[in-house]
Amino acid sequence: MKTMSTTSKVLALLAASALLAACGTTRLPDDRKNSAAVGTATPVPVVASTGSTAAQSGGTPQSGVATVNLAGGAAAGGATAAGAAALLALPSQRVVFFDFDSYAIKDDFKPLLDGFSRALAANRGQKLMIEGHTDERGGREYNLALGQKRAAAVVSSLTLLGVNESQVEAVSFGEERPSAQGADETAWSKNRRAELKDR
Amino acid sequence: MTSGLLAATAPALAQFRVEISGIGATQIPLAAAVFRGEADAGVAVSRIVRADLERSGLVRTLDVDQELDERSAVDLAQWRGRGVDALLAGSVTRLVDGRFDVRYKLWDAVKNQELLGQSKVVLAADLRLAAHRVADEIHEKLTGERGVNATRIAYVVRAGRRFTLHVTDADGEGGQVALASPEPIISPAWSPDGKRLAYVSFETQKAVIWVQDLITGQRSMLASFRGSNSAPAWSPDSRQLAVALSQAGLTQLYLMPAGGGTPQRLTRSNGIDTEPVFASDGRSIFFVSDRGGGPQIYRVGLDGDAPQRVTFAGSYNISPAISPDGTQLAFITRQGAGYRLMLQDLNDGTVRALSDTQDDESPSFAPNGRLLVYATRVRGNDVLMTTTLDGKIKTRLLSISSGADMREPAWGPFGR
């Protein structure tokens, strides 16, 4: 059984990056870093045990499923920014909240985004990942796309304010990473958000 | 003759529980005996067969209070007198090489004849599969249709901060873990040959589509473009997948070669396009789009014609699933504050609710088109249910670790 070679991994990522370049966006070094970490997980073929103590005769069970076990506690948010080199510190408030079914940036948050755009304009090496989220109501894939719209709205505001596209990427967690548990508007309103994270 | 034969609840057998509700229109009364030797083998073959047949809505089973096996001389008239239409008995015998010989006989008490008799030799690890195949053989004998008891279901379990992608038998048991992760996993999708799963993993801190070989565990990223990559759906010929990518700004549909490569854009709208699913002939794709306001289900031919809207009732319709014969569309509709499983006949447009619960998600058809699996919420826990298409027979699939949330079911194809 051959594992996916490093060469083919790099080739796959170069192909993806070439596509991105063709679309006019910048290559993302983080995908390569993250996938290298993931690639170290070695699949372990597991022979299903049904409690029988009999010795297995030769042959692969048709029910066999190999378990891929990813290391726990992957670092959230990626690398921290080179804060010492920043000419302007990033705002400490990192979250923009949204109304139900909406991806419009409310006026309350415009000063916050101004702060981010000035810090990023002053430090072109600073990058952010904008993570969009929804509350738990509705379908997962549709919510993933709604969260993406929220993140994209923040990215759009930032680039209109002068941030380079290469400094920001919009991604979404949909309803998969709530910050507040609960099935009421108090929890839901806390989950409808976009988080601005260092990358 | 060992004393263990009459025990109905040896420890290894107790983990299997099924809750079934609803009365089917015509259920055959079938008496089923404990298979001789199944307690020693550690797999409750007869109970698995019974539950499979009951879940299909085909039979209601009765206990047999005698020790019978496939060689027994049975008085069918006496069984008929007790209101039994069919009788099942069998045995599980360990062979010298460690494999097991599973044998059974099915009698027709009405016609007073043997209906079916089979023997299969399997590894210990495949005893559950053997039981499901017995149920399939009986199902096919009684209905003329293929059973789905030997198929598998993939689903995701969240327990605390741990997410696991499980592959289990169609009854939700015998589960094995394909992926264990500290980050969410959503949207598992079976390859048509049942050997691979595509899924969305957030392990790299964004939505990325992976394809994994189930037996070896080998996996690779299919799509990790800028933004989110999700909603993988295999074409029936396995050569490509439809996916939802946000790399162009809004989430739109693309086609990708199954081995990875350059996405080819499929939809162009000013809204969100997502949740693609191929029709069985591979020539069109159903999908969700909110180009008209709220999300609705559309159908687009791969030949380039404009998408046609398919759902018209209500303002929020998502998560399409298409029956193998192409006539039925299962989906989720939002009604007030609830999300409900619906079934639409694509020939005449009639729509009816299949459940009376409020948090339904992710319907998926069995490959014989007779059952749906879906996720819903019962008393605060996310659980998986199967239902017949008339909504009458519902089964809750219970997992071994209760209290864990089960979601995102995907029913696998025929054949292993």
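Nearest 500 deg cm²/dmol is fine: what mean residue ellipticity at 222 nm does chain B get from its DSSP H runs of n ≥ 4 alone, each adding -39,500 (n - 2.57), divided by its residue count?
Values: 4 runs with 38 residues, N = 416.
Dividing the helical sum by the residues of chain B leaves -2500 deg cm²/dmol.
Shape call for the stretch B:152-411 from the C-alpha gyration tensor, a ≥ b ≥ c root eigenvalues: rounded (a/c under 1.5), prolate (a/b greater than b/c) or oblate? Present the calculation step by step, with values, prior to reporting the outcome.
On the way: a/c = 1.45, a/b = 1.04, b/c = 1.39.
The shape class here is rounded.
From the square roots a ≥ b ≥ c of the eigenvalues of the alpha-carbon gyration tensor of the stretch A:83-198, which class results: rounded (a/c under 1.5), prolate (a/b over b/c), or oblate?
Numbers: a/c = 2.15, a/b = 1.97, b/c = 1.09.
Taking the square roots of the gyration eigenvalues as a ≥ b ≥ c, the stretch A:83-198 is prolate.
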B:Asp281/B:Ala404 FRET efficiency (R0 35 Å; Cβ-Cβ; nearest 0.05)
0.40
Residues with amide H under 5 Å from that of B:Arg152, placed H, sequence gap 5 or more:
B:Gly412
Beyond 20 Å between alpha-carbons counts as too far, so tell me which of A:Lys127/A:Lys197; A:Lys197/B:Lys206; B:Lys111/B:Lys141; B:Lys141/B:Lys195; B:Lys141/B:Lys394 fall in that bin.
B:Lys141/B:Lys195; B:Lys141/B:Lys394
Hz values of 3J(HN,Hα) by residue in the stretch A:183-199 - Karplus curve (6.51, -1.76, 1.60), Gly and Pro given as x:
10, 9, 5, 4, 6, 4, 5, 6, 8, 7, 7, 10, 10, 9, 10, 5, 10
Place a label point 7 angstrom from the Cα of B:Thr327 along the Cα-to-Cβ direction, then list the residues of the stretch B:143-168 whose backbone nitrogen is under 17 Å away.
B:144-146
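Determine, for each peptide in B:283-295, B:305-317, the mean count of other beta carbons within 10 angstrom over its residues, then list the peptides with the highest first. It would help to have the intermediate numbers written out before the result.
Numbers: B:283-295: 20.1, B:305-317: 15.1.
Result, highest mean first: B:283-295, B:305-317.
Quick one: dipole size for chain B, taken about the Cα centre, charges +1 on Lys/Arg Cβ and -1 on Asp/Glu Cβ, in debye to the nearest 20.
Values: 46 positive and 46 negative charges, 150 e Å.
The calculation lands at about 720 debye.
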Placing +1 on each Lys and Arg Cβ and -1 on each Asp and Glu Cβ in chain B, then taking the dipole about the Cα centre, the residue among B:Ser246, B:Phe414, B:Val351 whose Cα reaches farthest towards the positive end is B:Ser246
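Which net charge results when you count Lys and Arg as +1 and Asp and Glu as -1 among the other residues whose beta-carbon is under 12 Å from that of B:Gln328? Walk me through the intermediate numbers first.
Details: positive: B:Arg352, B:Arg370; negative: B:Asp325, B:Asp345, B:Asp348, B:Asp390.
Neighbour charge sum, excluding B:Gln328 itself: -2.
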Tell me, what ³J(HN,Hα) does each residue in the stretch B:389-396 have, in order and in whole Hz, if you take phi through Karplus 6.51 cos²θ - 1.76 cosθ + 1.60 with θ = phi - 60° and put x for Gly and Pro?
5, 8, x, 8, 10, 10, 10, 9
Magnitude of the Cβ-charge dipole (Lys and Arg +1, Asp and Glu -1) of the stretch B:226-315 about the Cα centre, nearest 20 debye, reported as 180
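Give me the number: length gained by fully extending B:Ser220 to B:Arg379, i.e. 0.36 nm times residue separation minus the C-alpha to C-alpha distance, one decimal in nm. Each step should come with its number before you reach the end.
Numbers: separation 159, 0.36 × 159 = 57.24 nm, distance 3.77 nm.
That works out to 53.5 nm of additional length.
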Vicinal HN-Hα couplings computed from phi for the stretch B:121-135 (Karplus, 6.51 cos²θ - 1.76 cosθ + 1.60; Hz; Gly/Pro x):
10, 9, 5, 3, 5, 10, 5, 4, 4, 4, 4, 5, 5, 4, 4
Counting other C-beta atoms within 10 Å, which of B:Ser119, B:Ser355 has the fewest, and how do the rest follow?
B:Ser119, B:Ser355
Residues of the stretch B:91-112 with amide N under 18 Å of a point placed 7 Å along Cα→Cβ from B:Lys120
B:91-95, B:99-107
Using 7 Å Cα-to-Cβ label points, what is the B:Phe414/A:Lys110 separation (nm, one decimal)?
6.3
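Bear in mind that the values in this text are calculations on the coordinates, not laboratory data. Note that the structure is predicted; figures quoted are calculated from it, not measured. Methodologically, a virtual Cβ is constructed for each residue, glycine included, from the backbone with ideal geometry; neighbour enumeration extends over all protein chains shown.
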